[in-house]
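Presented below is the structure to which this report refers.
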Amino acid sequence: MALKLADWSNCNVQNRLDGTGKLASNGEYQTSMNAALPPAQERPPGPLNGKLAIALALGSMWLLGCAGTYLLISTNAWWFDTHDAAVLEIEIRAFYLAWTGTQLPAAALAGMVISISRFTHPARITFWTMAGYHLVFTIIRAFSWPWGKFPNVDQSVPIWACLIATLFLISFSVFITWFMPYWSKFFRRLFRLGG
């Protein structure tokens, strides 16, 4: 070959080989290559518009979250009446673990609602919606921080427990949003095979 490698890399050559091994002009080469590319798969739009999806997600999170917290507190299993700091720290961790469990339905429903919206990137919207929601309610809870009543307890324990629980709920909701399209495809195939 008399052509230099630099000519190929700099696109100075006016002819290129097409798919059949024949020489083609630059315009014909680009047209044939573009025609060979598969069409880009776009996410089909959901039935909910963006504002309605966010409003429903926030409302469902608040209602289910309040219901879960009420059920958790109404069990009367959380007294925190010991003076032993080590036992109190274990109870605080257990409380946040149980609280996270009561908030999972709210996080899951919020992720499902946003996943059927018309957002192009629903997982990203879920992340920011959940982060904003939990940031607001964490600030509200900080003004009535109950663990300050226990001076012998290391305050980093409830802070870390609250932070880990919040990050887990945000991640869980984003995962549900990401996973919903695959879940719906699975069920469509399942019912199609069953029918």
If you plug each phi of region 122-132 into the Karplus form 6.51 cos²θ - 1.76 cosθ + 1.60 with θ = phi - 60°, what whole-Hz ³J(HN,Hα) values come out, in order, with x for Gly and Pro?
x, 5, 5, 5, 4, 4, 5, 5, 5, 5, x
Cβ-based exposure ranking for 174, 157, 113, 136, in which fewest neighbours within 10 Å come first
136, 157, 174, 113
Stretch residue 171-residue 86 to full length: gain in nm at 0.36 nm per residue minus the Cα-Cα span?
27.7 nm
Which ³J(HN,Hα) values, rounded to whole Hz and listed in residue order, are derived for region 85-102 from phi using the Karplus coefficients 6.51, -1.76 and 1.60 in 6.51 cos²θ - 1.76 cosθ + 1.60 with θ = phi - 60°, glycine and proline given as x?
5, 5, 5, 4, 5, 5, 5, 5, 4, 5, 5, 5, 5, 5, 4, 4, x, 6
Per-pair calculated FRET efficiency, R0 = 25 Å: residue 79 and residue 160 via Cβ, rounded to 0.05
0.65
From Cα coordinates alone, what are the radius of gyration and Dmax values for region 50-194 in angstrom?
18.0, 62
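Where a number appears in this text, it was derived from the coordinates with a stated rule and is not lab data. Remember, it's a predicted structure, so these values are computed and weren't measured experimentally. Glycine gets a Cβ as well: all are built from the backbone with ideal geometry, and neighbour counts include every protein chain shown.
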